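Below is one structure, written out as structure tokens; the observations come after it.
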Amino acid sequence: MLRYLITLQAPDRTGLVEQIAHAVSRHGGNWLDSELRHIDGIFAAIIVLEIPSDNWDGLIENLEYIEGLTLTHASTRAAKRPAHKRSYTLVAYDRPGLVLDISNKINALGINIEHFSTQLESASHTGVPLFRATFVLGLEELSKQELLAESLYLIGDDVLLDQIIND
């Protein structure tokens, strides 16, 4: 069995996930991990699959027949798991550069971002645009948690940070 990461994009419509899942199943693939989203009318997916090597070309050919679908792929292997996973939610007033600020603070501490998701929402009482980031970090050293929190709070006085322990 080979392991692949594929990315897919298509104009969103009902039944896309079923079409993709059907093609994977028909070629003996095992759907291991995925993120599927509808963003501004576009369906976007990142999927990790295991599939018999003899069936890979057939799967790609079938996926390419799905109307409007574009895809990329790369072979992968199971990654080493970090010692500890931690999930965070950060909320701040929306402004350009927040993702750069957050990723710079995390990278400066040598911490790996494993999942990162953002949304723009309105504050319930004021209607002020709020930026919300939810992210999962792989930490080799738990001692960096406090440094991380201190560093993220330096982004601005409006930053709210919540942490969830995942171990």
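Let me know the shape class of segment 21-91, please: from the alpha-carbon gyration tensor, a ≥ b ≥ c as square roots of the eigenvalues, rounded when a/c is under 1.5, otherwise prolate if a/b is greater than b/c, or oblate.
oblate
Do the sum for the chain: with -39,500 (n - 2.57) for every DSSP H run of n ≥ 4, divided by all residues, what is the mean residue ellipticity at 222 nm, to the nearest 500 deg cm²/dmol?
Helices in the chain give a 222 nm mean residue ellipticity of -7500 deg cm²/dmol.
Starting from the Cα of Lys144, draw a straight line to each of the aspartates and glutamates and keep only those under 18 Å, dropping any in the same chain fewer than 8 residues away.
The reachable aspartates and glutamates, counting only those whose Cα sits under 18 Å from Lys144, are Asp101, Glu114, Asp162, Asp167.
Quote the charge dipole size of the chain about the Cα centre in Debye, to the nearest 20; the model charges only the Cβ of Lys and Arg (+1) and of Asp and Glu (-1).
260 debye
State the percentage of accessible surface on the chain attributable to carbon and sulfur atoms; use a 1.4 Å probe and exclude ligands, DNA and RNA.
Here carbon and sulfur together make up 51 percent of the probe-accessible area.
Please work out whether the chain counts as rounded, prolate or oblate from its C-alpha gyration tensor, where a ≥ b ≥ c are the square roots of the eigenvalues and a/c under 1.5 means rounded, while otherwise a/b larger than b/c means prolate and anything else oblate?
oblate
When the Cα atoms of segment 86-167 are enclosed in a convex hull and the volume is divided per residue, what value in Å³ results?
About 88 Å³ per residue, rounded to a whole number.
Please report the relative contact order for the chain, taking Cα pairs under 8 Å with a sequence separation of at least 6, and give it as a percent rounded to a whole number.
Normalised by residue count, the contact order of the chain is 24 percent.
As an exercise, identify the chymotrypsin sites (Phe, Trp or Tyr not before Pro) in segment 80-167 lying in DSSP coil whose Cβ has no more than 14 other Cβ atoms within 10 Å.
Answer by residue number: there is no such site.
Need one number: nm distance between label points at Asn112 and Asn55, each 7 Å from Cα along Cα→Cβ, rounded to one decimal.
2.8 nm
Leaving out ligands and nucleic acids, note down the accessible area per residue over the chain with a 1.4 angstrom probe, in whole Å².
61 Å²
Take every Cα pair under 8 Å in segment 1-71 that's 6+ residues apart, average their separations, divide by the length, and report that relative contact order as a whole percent.
Relative CO of segment 1-71 lands at 46 percent.
According to the Cα gyration tensor, what semi-axes, each the square root of 5 times an eigenvalue, does the equivalent ellipsoid of segment 59-126 have, listed from largest to smallest in whole Å?
Taking √(5λ) for each eigenvalue gives 32, 23, 12 Å, largest first.
The values are calculated or read from the model by the stated rules, or taken from the named source; none is laboratory data. Just so it is clear, the model here is predicted, and its values are computed rather than measured. Positions of Cβ are generated from backbone atoms using ideal geometry, with glycine treated the same way; all protein chains shown enter the neighbour counts. To get the accessible areas, we keep the full protein, side chains included, count just its heavy atoms, and leave off ligands, DNA and RNA. Shrake-Rupley method; radii C 1.70, N 1.55, O 1.52, S 1.80 Å.
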